[in-house]
Amino acid sequence: MRTIVAAALTALVWLTPLTALAQAPAPGQTVEADPVRCWWRTDKAAVRMGEPFTAVLTCAVLETASTKAVVDRSRLDHTVMALPPFDVLDGGTGEDVVAGSRRFFQYTYQLRLLNDNAFGQDVTLAGLSIGYRLDTSTADGTTSQGRDQTYALPPLSLRVLSLVAGSARDIRDSTSMTFADLDARRFRARTFGMAGWFLYALAAGVAALGLARLYRAMRSPATAAVVTTVSGGAVLKAATRELAAVTRAKQGQGWTDDLVGRAAAALRIIASYAIGKPAAQTKGVAADIHGGQIALSQGFLRRRHALVSASVTPQDMAQAAAANGAVQQVRDGIIALTAARFGRAGLDESSLDQAVSAAGPLARSLAFRYSWPMVQWQKVTSAVTNWKGRA
């Protein structure tokens, strides 16, 4: 008999843990979380009497494919919310945010405290009773509404004329960012992103236009172009140096056909600027020079080379010569040089010397007029005159 009792007690001791283990939840079994969780947040841990501050109510409600918590928000708007002993001055709400199986929503309240008995005390931001129900979706597509339930929001304490409330369990975050602020920043980010894509498209369009122009330039046949590579002042100085070189060469070997041609080319360039028609320029160096051209260069770091020539005739200078004696002397010099170069009579060296000497002072005065500062000043005065004319 004793043996049978001992065996029964041993079996009971060994089977007791197995029974408890069988009643425990399986390791893979999920436990349903709270369908509604809400909390307060304020921008100040302590307030002064009558000082406005912000309180934010944030709620996270369950929302899955089969279960949805529906909260009664009709009593949460700032127009109907009562939070004694605080006065609700203003408020607002932002768009809901869905993350995972939770839907978050916020309500913002502007509050103040008017109570002469609360100095140096902890004032409680009263808890709320938030009504909700659980809607369950069935397999056939219908929705079953659950019974009305209530969620009790815990209260929050604030200190009046103190740094931290006595019942505070941690240091509160002083940020005032809400869902509405996040949505505004998201809108700004999208706006800047669209502006960036527009600028990228504009840059791509400009690059495509440049490539198209480059392709057209490569496909088109090469043509000689008349361009302005050096300034008018540099051209006139080069013409003056050419006349000086002709004068030195004449003293050693007398007037020759080559010297007459060089002097005529320089005089025509000076005459072209004297009548307001700058000489023609083409890119080239002294090795490419032809009859009637002067080669010159300008610039230090970026050297520019040009071949300059002018096709001014005495008839083109008639009007300017009648008003200016120096221009008349240059005109007479061009006539004398042309007769000496292409005429049958002998060279009249005295007339040629007088023509070359008369062109020097005129060239120097024109070089000053066509210098860079004087050209810019003429542009400014011309713009002012045009503006006054329109006014």
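The values are calculated or read from the model by the stated rules, or taken from the named source; none is laboratory data. Model, not experiment: these values are computed from the prediction. All Cβ positions, even for glycine, are placed from backbone atoms using ideal geometry, and neighbour counts span all protein chains on display.
Remarks
- Taking segment 301-391 and the helices (runs of 4 or more DSSP H) fully enclosed by it, the elements with 3 or more residues that are over 22 Å from residue 266 (Cβ atoms) and of a type outside the set (A, V, I, L, M) are at 372-390.
- Residue match in segment 240-254 (condition: part of a loop (DSSP other than H, G, I, E, B) and closer than 23 Å to residue 353 by Cα): yes
- Complete set of residues in segment 124-154 that are in a loop (DSSP other than H, G, I, E, B), more than 17 Å from residue 73 (Cα to Cα) and touching a Gly at 6+ places or on another chain (Cβ under 7 Å): 154
- Taking segment 267-295 as the range and being part of a strand (DSSP E or B) and within 24 Å of residue 353 (Cα to Cα) as the test, the residues that pass are 294, 295.
- Residue tally, condition outside any strand (DSSP E or B), modelled with pLDDT of 90 or more, farther than 12 Å from residue 59 by Cα and in contact with a strand residue (DSSP E or B) (Cβ under 8 Å, 6 or more places away or on another chain), over segment 86-110: 1
The rows are residues; the columns are (1) in contact with a helix residue (DSSP H, G or I) (Cβ under 7 Å, 6 or more places away or on another chain); (2) at pLDDT below 80.
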site: 273; (1), (2): yes, no
site: 282; (1), (2): no, no
site: 293; (1), (2): yes, no
site: 308; (1), (2): yes, no
site: 323; (1), (2): no, no
site: 343; (1), (2): no, yes
site: 353; (1), (2): no, yes
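- Of residues in segment 264-290 being surrounded by fewer than 17 Cβ atoms within 10 Å (Cβ to Cβ) and of a type in the set (Gly, Ala, Ser), the one nearest to residue 338 (Cα to Cα): 276
- All positions within segment 196-218 that are under 17 Å from the mean Cα position of the chain (by Cα) and small (Gly, Ala, Ser): 196, 201, 203, 204, 205
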